[in-house]
Amino acid sequence: MSTSETGQVTGTQDKDYNIIWFVEACLSNALRLEQYIADAERDGDSELAEFFRRAQGESRKGAEQGKALLRQRLADGGTSSVDETGLGPTDEAVG
């Protein structure tokens, strides 16, 4: 990943873009897991289906945390260090 782009090209600071990317990846993962759940259920593998449901829940949780963090940072002009989820600049959301 390039360390030189800081928003001059995209118009979005890297740290904000990274949060946006993270949320999209979590939501995309949740959608993909829906198919995996259906596949496992079709094959009668309830253990695997439940595993994928738990993973899907964590992906949704990560997306919600990322959205909350981005929402607060944009509202605060990017100056806030902790949001309503309790995530600070060095904390990681689950995804």
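Overview of values
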| quantity | calculated |
| --- | --- |
| ILE37, ILE20, reordered so the largest accessible area comes first (probe 1.4 Å) | ILE20, ILE37 |
| Residue-level accessible surface for GLU24, protein heavy atoms, 1.4 Å, Å² | 100 Å² |
| Surface accessible to a 1.4 Å probe, LEU74 within the full protein complex, Å² | 110 Å² |
| Cα gyration tensor shape of the range 19-76, rounded if a/c is under 1.5, else prolate or oblate by comparing a/b with b/c | prolate |
| ARG53 - accessible surface, heavy atoms, 1.4 Å probe, Å² rounded to 10 | 90 Å² |
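The values are calculated or read from the model by the stated rules, or taken from the named source; none is laboratory data. Keep in mind it's a predicted model, so treat the numbers as computed, not measured. Calculation scope for accessible area: heavy atoms of the full protein, side chains included, ligands and nucleic acids excluded. Shrake-Rupley method; radii C 1.70, N 1.55, O 1.52, S 1.80 Å.
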